[in-house]
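First comes the structure, then the notes that go with it.
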Amino acid sequence: MAAYFSSLNPIALWNAAPGGIAQGLIWGIMALGVYITFRVLNFADMTVDGSFSLGGAVAVMLMLNGADPSIVLFASLGAGLLSGLITGILHTKLGIPDILAGILTQISLYSINLNIMGKANQAVPINSVRVFFTSNIRYLGQTLALTLVVDIIIVSIIYWFLGTELGSSIRATGINPDMSRAQGIDTNKMKIIALMLGNGLVALSGGILSEYQGFADVKMGQGSIVIGLAAVIIGEVLAEALVGKRLNFVMRLSFTIIGAIIYYMVYVFVLWLKFPADDMKLLTAIVVAAFLAVPYLKEKRINSFSGLQKRNAKLQAESLNNDEEAE
């Protein structure tokens, strides 16, 4: 045991932290897309795993064909919009349940991504392509700053958009679709728009990550939905614990990104502890389950008999103090 702890180098953890933060900021964009479908629209969208890889595949292949690295990200965004459109059509026009519609699109995108890249993975020639997002330690500060700016811009746009009439219709559709239809809102149209927006952000994140890591892989999006949900849930738990009743919508969006950063910092920390990489999915599930359980256990504690006794005792003590002060 002593030999194990002596083998852990704190400097190595410190050096790995910027890379973990950078990846958290990149995956935070994907988490915002998941937040739109999962929380705003209340739609269990499984398209994410496929659309994330789609964004990376499109970005890498365009760069290999001489396209500007900044322009290819808009192409990744457009590809994600199309994938969300397909899921939306399958669900609204063909009556396929939301989870199955997402799974069907996800499976289809696996083959589409293979056809786009021509093989399972493609690398970006670092010597001939100057990317803006890079894991190169010399430019990591630039990547962190640029990714943070992109995150802030996206949060601002989402906050503005969901405050418009169209955005309010999407939010109403997620809260109560029956009442929304009664108010004359085309809920099918709102679902399609929200799915397009969510998967567009997911694919954009995939495009940025492919620039950052220097390659795209057909399986790079595997488990993305879990990471996205983990970021959303971690962010919500932290936001409610730190901000409480002052929590507003822009804070929720911001804490979603913070949740992604925390997730990846946990990932970096676990790797630093020399846990097997094969166990990372298991550890991810444990982390998500723990954060999911926090609100439930907190509510259960508050509503329990012992919690009720403590609250009553506190109220009685405050009442006695007030009476004494009045006398």
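The values are calculated or read from the model by the stated rules, or taken from the named source; none is laboratory data. Note that the structure is a prediction, hence the values are computed from the model and not measured. Positions of Cβ are generated from backbone atoms using ideal geometry, with glycine treated the same way; all protein chains shown enter the neighbour counts. When the accessible area is computed, the model is the full protein with side chains, heavy atoms only, and any ligands, DNA or RNA have been set aside. Shrake-Rupley method; radii C 1.70, N 1.55, O 1.52, S 1.80 Å.
Numbers for the structure displayed
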{"item": "Candidates A3, A16, A67 - the one that is farther than 25 Å from A231 by Cα, open to solvent by 20 Å² or more (accessible area, probe 1.4 Å), in a helix (DSSP H, G or I) and small (G, A, S)", "result": "A3"}
{"item": "Residue within the range 308-318 that is in a helix (DSSP H, G or I) and modelled with pLDDT of 75 or more present", "result": "no"}
{"item": "K191 within 26 Å of N113 (Cβ to Cβ), surrounded by fewer than 21 Cβ atoms within 10 Å (Cβ to Cβ) and among the charged types (D, E, K, R)", "result": "no"}
{"item": "Lone qualifier among A59, A31 - being open to solvent by less than 10 Å² (accessible area, probe 1.4 Å), modelled with pLDDT of 90 or more, over 30 Å from L273 (Cβ atoms) and not polar (S, T, N, Q)", "result": "A59"}
{"item": "Any pair with Cβ under 6 angstrom, 6 or more apart, that starts in the range 271-291 at a residue that is closer than 12 Å to I233 by Cα and ends at one that is assigned to a helix (DSSP H, G or I) and of a type outside the set (G, A, S)", "result": "F291/I233; F291/I234; F291/V237"}
{"item": "The range 185-219: number of residues that are modelled with pLDDT of 90 or more and over 15 Å from V72 (Cβ atoms)", "result": "19"}
{"item": "Counted residues, the range 70-88 - those being over 21 Å from N115 (Cα atoms) and open to solvent by 70 Å² or more (accessible area, probe 1.4 Å)", "result": "1"}
{"item": "Qualifying residue in the range 29-45 (condition: part of a helix (DSSP H, G or I), within 14 Å of the chain's Cα centre (by Cα) and under 17 Å from F132 (Cβ atoms))", "result": "yes"}
{"item": "Boolean, I153 is among the β-branched types (V, I, T) and free of Cβ contacts under 8 Å to residues at least 60 places away in the same chain", "result": "yes"}
{"item": "Odd one out for L100, checked against (1) touching a Phe, Trp or Tyr at 6+ places or on another chain (Cβ under 7 Å); (2) open to solvent by 40 Å² or more (accessible area, probe 1.4 Å); (3) not charged (D, E, K, R)", "result": "(1)"}
{"item": "Only one of A172, A203, A216, A120 that is over 27 Å from G259 (Cβ atoms) and in contact with a helix residue (DSSP H, G or I) (Cβ under 8 Å, 6 or more places away or on another chain)", "result": "A120"}
{"item": "Single match in I11, I36, I96, I86 (criterion: among the hydrophobic types (A, V, I, L, M, F, W, C) and out of contact with any helix residue (DSSP H, G or I) (no Cβ under 8 Å at 6 or more places or on another chain))", "result": "I11"}
{"item": "Selection status of K189, of a type outside the set (A, V, I, L, M) and not in a helix (DSSP H, G or I)", "result": "no"}
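To keep it simple, each residue is scored yes or no on (1) charged (D, E, K, R); (2) open to solvent by 20 Å² or more (accessible area, probe 1.4 Å).
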{"site": "I112", "(1), (2)": "no, yes"}
{"site": "K119", "(1), (2)": "yes, yes"}
{"site": "T143", "(1), (2)": "no, no"}
{"site": "Y159", "(1), (2)": "no, yes"}
{"site": "A172", "(1), (2)": "no, yes"}
{"site": "I175", "(1), (2)": "no, yes"}
{"site": "M179", "(1), (2)": "no, yes"}
